[in-house]
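Structure, as structure tokens:
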Amino acid sequence: MRKLFLTLFYSGLSPKAPGTVGSFVALILGMFLIKYIPESTLFLLAFLISVIAAKEIDKYEKEVGVHDGKEIVIDELAGMWIALSICGINQENFYILSALAFVFFRVFDIWKPSIIGKIDREVKGGWGVMGDDIVAGFAGGVAAAGVYQLLVYFVL
């Protein structure tokens with residue numbers, strides 16, 4: 001059951017780009033949920049899952065002896081849901097902002113600039129795994145909102 005949770009329904013076991021596959025699964029789940037629940041609830045769910053995941057990752061890492069294994073993608077779910085919940089998504093901009101949130105979250109999660117990289121390098125255990133993706137989710141959501149506003153102003 002722990003592996004099902006940490007690998008986000010086994011999407012983290014993808015042989016190619018497990019983080020991107022896990023992020024895409026999280027995006028689809030988040031897009032479905034946000035149609036039925038407020039953004040604030042999705043945000044709170046991301047943090048609840050983060051707390052549970054941090055504890056489960058600690059246990060898993062002790063079992064396998066590896067920090068932040070590539071198969072663990074529950075952190076991508078937390079970051080993706082944070083990005084979706086803060087980007088200002090609504091019925092009018094649903095697909096554009098979903099795509100922007102996904103792209104920017106992945107960019108920040110892969111690139112790991114500034115504090116995101118520092119968390120990834122220096123924080124150990126479950127919170128180290130979750131922390132960089134949580135911050136990347138905030139950065140991705142803000143960037144998606146900003147780019148969308150520029151698109152509205154100049155293009156749409």
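No value in this document is a laboratory result; all are computed from the given coordinates. For clarity, every value in this text was computed on a predicted model and none was experimentally measured. For neighbour counting, all protein chains shown are included, and Cβ atoms are generated from backbone atoms with ideal geometry for every residue, glycine included.
Points worth noting:
- Kirkwood Rh in Å, taken over all unlike Cα pairs in the stretch 2-154: 15.2 Å
- Considering only Ser11, Val103, Ser85, the residue lying farthest towards the positive end of the dipole of the stretch 2-154 is Ser11, judged by Cα position with unit charges set on Cβ.
- Sites Leu151 and Lys62, calculated FRET efficiency, Cβ-Cβ separation with R0 35 Å, nearest 0.05: 0.15
- Those trypsin sites (Lys or Arg not before Pro) in the stretch 1-44 that DSSP places in a loop and that have at most 16 other beta carbons within 10 Å: Lys16, Lys35
- Across the stretch 63-70, rounded Karplus estimates of 3J(HN,Hα) from the backbone phi angles (6.51 cos²θ - 1.76 cosθ + 1.60, θ = phi - 60°) give 5, 9, x, 10, 8, 6, x, 4 Hz, Gly and Pro being marked x.
- Pairs from the list Lys3/Lys118; Lys3/Lys124; Lys62/Lys124; Lys55/Lys118; Lys16/Lys118 with a Cα-Cα gap above 18 Å: Lys3/Lys118; Lys3/Lys124; Lys55/Lys118; Lys16/Lys118.
- Table column - 3J(HN,Hα) (Hz), the stretch 22-38, Karplus curve with 6.51, -1.76, 1.60, x for Gly and Pro: x, 5, 5, 4, 4, 4, 4, 4, x, 5, 5, 5, 5, 6, 10, 10, x
- The chain - mean residue ellipticity at 222 nm from DSSP helices (-39,500 (n - 2.57) per run, n ≥ 4, rounded to 500): -25500 deg cm²/dmol
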